Structure formats: structure tokens, C-alpha cells
Amino acid sequence: MNLLRELGFLLRISHSHGIMRRYFVVNGFDGALTMLGLILGFIVTDRVPLPVVIGACLGATIALGVSGVSSAYLSETAERQRALSDLEEAMANSLQGSAHAQAARWVPLLIALVNGSAPLLISLLILTPLWLADAGIPLPLPALHMAMVVALLIIFLLGVFLGHVAGNSWWRSGLQTLLVALVTVGLILLLGT
Amino acid sequence: MSVVTRVLLDVLKPHDPSVLDLACALGNLGDYRVRVRVLEMDKKTETLEIEVAGADVDFEAIQTVIRDLGAALHSVDEVDVSGVTLAPDAE
């Protein structure tokens with residue numbers, strides 16, 4: 001509990017809540033759309049064995065996660081170090097050992113974990129119907145179509161979350177992100193067939 | 001033996017953590033009465049006058065809290081001290 005309070009304090013003094021939220025949505029959206037694209041590609045291609053689909057999607061999922069963690073960590077570390085140096089200059093004093101130095105060390109790691117885990121978890125969720133089908137569990141729709149429905153649902157929910165953050169109409173925001181996904185589906189179907 | 005019962009400090013701190021955070025952190029050190037007055041606000045920093053009063057003020061602990069929160073103690077402007085006569089068996 002103390003650790004959580006400490007992390008909350010570091011996020012507050014570094015004004016990082018908004019950045020984490022933004023990274024979560026942006027990279028989560030990336031993950032969901034990437035999975036949607038891959039799955040649609042397999043639907044259009046037709047007759048691709050399910051283990052091949054799972055392998056390809058899992059590879060993309062891991063790459064998205066690693067890319068999210070590493071890119072956010074490197075960029076955020078640089079930004080936080082710069083902010084710390086600016087603050088030290090304004091204070092005319094070293095801030096080593098202070099809460100600000102701790103924030104410069106730990107906040108990039110937290111942001112990187114959020115940035116990497118968002119696409120990873122969302123993609124794994126989208127892949128769940130494929131695993132279930134591969135394990136022989138019956139689904140109401142073909143596995144790829146079911147995964148596509150899950151992807152569209154998650155994209156809608158990300159929009160709902162954005163609407164909640166902005167204090168706007170949640171369903172309008174959800175429909176906006178869903179529209180982006182449907183445009184993507186349209187483009188893939190148009191170019192892929 | 002004497003104990004410090006009040007100190008008045010001149011402190012420079014970044015805008016975050018807030019004045020409230022700093023005052024609460026100092027108040028949590030003991031049964032202290034803390035008063036913080038913002039004297040000046042700059043783009044990234046603010047200058048504060050901090051008064052900490054109590055039966056036995058731990059100045060070292062106050063310095064540590066100030067440093068941990070990224071602030072810098074510029075000067076000790078006032079100090080109140082009380083003399084305490086120790087009982088013979090306490091010596």
C-alpha cells in the first residue's frame with residue numbers, strides 16, 4: 001500500500017497520469033487495430049490453418065509489447081532527465097536523492113510498462129477465441145470472425161474510455177473509434193480481395 | 001540542556017510537490033504546528049517562509065524532509081529555544 005502511495009506521489013509530482021492514460025489508449029488502439037488487420041488478412045486469404053494464424057498474431061503481439069516498452073522507456077527517460085536538469089538549474093541545486101530524482105528514475109519505467117502492456121494485453125484478449133477454437137471449445141461464430149468481433153468491441157470500449165476521460169458522451173466517442181476500425185476493415189476488404 | 005521550540009525558515013522549492021504536501025510532510029514528523037507562507041512565485045520555483053513550532057522540534061528531520069521533497073533550505077531566520085532542566089537521575 002505504501003509502495004502504491006509512493007508511486008502515486010511520484011506520478012503526481014511529475015504530472016504523469018495524463019501521459020500514462022494517453023500511452024495506454026494510443027498503444028492499446030495500435031494493438032487492437034493491428035490484430036484486427038492481421039485477422040482480417042487471414043479471413044480474406046482463406047484456409048490458413050489456425051496454428052499459423054495464432055503464431056503470426058502472437059509474434060506481432062510480442063513485438064508490439066516489446067516495442068511499446070522499449071520506445072516509451074528510452075524516450076521518457078530522456079525527457080525526465082531533461083526536466084530534472086532544467087529543475088536543478090532553476091533551483092541552482094542538485095536534486096539527487098529527492099523525490100524528483102526518484103520520479104525521473106521510476107516514472108519512465110512505469111510509463112513503459114503501461115505502454116507495452118496495453119497492446120500486449122489487448123492483443124492477447126483478441127486472440128482468446130483463436131486459442132479456444134484451437135483447444136476444441138465450440139464458439140458461436142467461426143474463430144477468426146469471433147476474434148474480429150472481440151477486436152471491434154475492445155476498440156469501441158477504448159472510445160468509451162476516451163469519452164469518459166474527456167467528459168463527453170461515451171457512446172459517441174465509442175462510435176467514433178468504432179468508425180475508424182470499420183474504415184480499416186473496409187480498406188482491408190477493398191484492397192485484400 | 002535546551003530544546004528548539006520554533007524555527008522560521010527561508011526555503012526555495014519547485015512547484016511540485018505542493019505547499020500542502022510539504023506542510024503535511026513536516027506536520028507528520030511530530031506534534032508540530034506548521035505554517036507556510038508563499039513569498040514569491042517564479043516560473044519553476046517558489047520561495048516559502050516556513051514556521052515549525054512544537055515542544056521539541058527536530059531540526060535534522062525537518063532538513064531531511066525539505067531535501068527529500070526537492071526543496072532547498074536557504075536560511076534559518078528565527079529560532080526559539082527553551083531551556084530544560086534535567087532530573088538528576090536522567091543525567
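The values are calculated or read from the model by the stated rules, or taken from the named source; none is laboratory data. All of these numbers come straight from a predicted model, not from anything done at the bench. Here the Cβ is made from the backbone with ideal geometry for all residues, glycine too, and neighbour counts use every protein chain on show.
The table below lists the values:
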{"item": "Some residue of the stretch A:80-95 being at pLDDT below 95, in contact with a Pro (Cβ under 8 Å, 6 or more places away or on another chain) and closer than 16 Å to A:LEU11 by Cβ", "result": "yes"}
{"item": "Test: residue in the stretch A:68-84 that is among the hydrophobic types (A, V, I, L, M, F, W, C), out of contact with any Leu (no Cβ under 6 Å at 6 or more places or on another chain) and within 30 Å of A:LEU178 (Cα to Cα)", "result": "yes"}
{"item": "Within the stretch B:1-54, strands (runs of 3 or more DSSP E) holding 1 or more residues that are touching a helix residue (DSSP H, G or I) at 6+ places or on another chain (Cβ under 9 Å), away from chain A (no Cβ under 11 Å) and farther than 20 Å from A:SER98 by Cβ", "result": "B:2-14, B:33-41"}
{"item": "Residue within the stretch A:1-10 that is surrounded by 12 or more Cβ atoms within 10 Å (Cβ to Cβ), among the charged types (D, E, K, R) and modelled with pLDDT of 90 or more present", "result": "no"}
{"item": "Matching option when the condition is away from every other protein chain (no Cβ under 14 Å), aliphatic (A, V, I, L, M), touching a Pro at 6+ places or on another chain (Cβ under 7 Å) and more than 30 Å from B:ALA72 (Cα to Cα), among A:VAL180, A:VAL160, A:VAL114, A:VAL150", "result": "A:VAL150"}
{"item": "A:ARG172 basic (Lys, Arg) and either touching a residue at least 60 places away in the same chain (Cβ under 8 Å) or within 30 Å of A:LEU74 (Cβ to Cβ) (or both)", "result": "no"}
{"item": "Flag for B:THR85 being outside any loop (DSSP other than H, G, I, E, B) and either at pLDDT 95 or above or more than 16 Å from the chain's Cα centre (by Cα) (or both)", "result": "no"}
{"item": "Flag if A:LEU50 is within 14 Å of another protein chain (Cβ to nearest Cβ) and modelled with pLDDT of 90 or more", "result": "no"}
{"item": "Leading residue by the ranking (nearest to B:ARG67 (Cα to Cα)) among those in the stretch A:84-109 that are at the interface with another protein chain (Cβ under 10 Å from one of its Cβ atoms) and of a type in the set (Gly, Ala, Ser)", "result": "A:SER98"}
{"item": "The stretch B:29-74: number of residues that are surrounded by fewer than 17 Cβ atoms within 10 Å (Cβ to Cβ) and touching a Phe, Trp or Tyr at 6+ places or on another chain (Cβ under 7 Å)", "result": "1"}
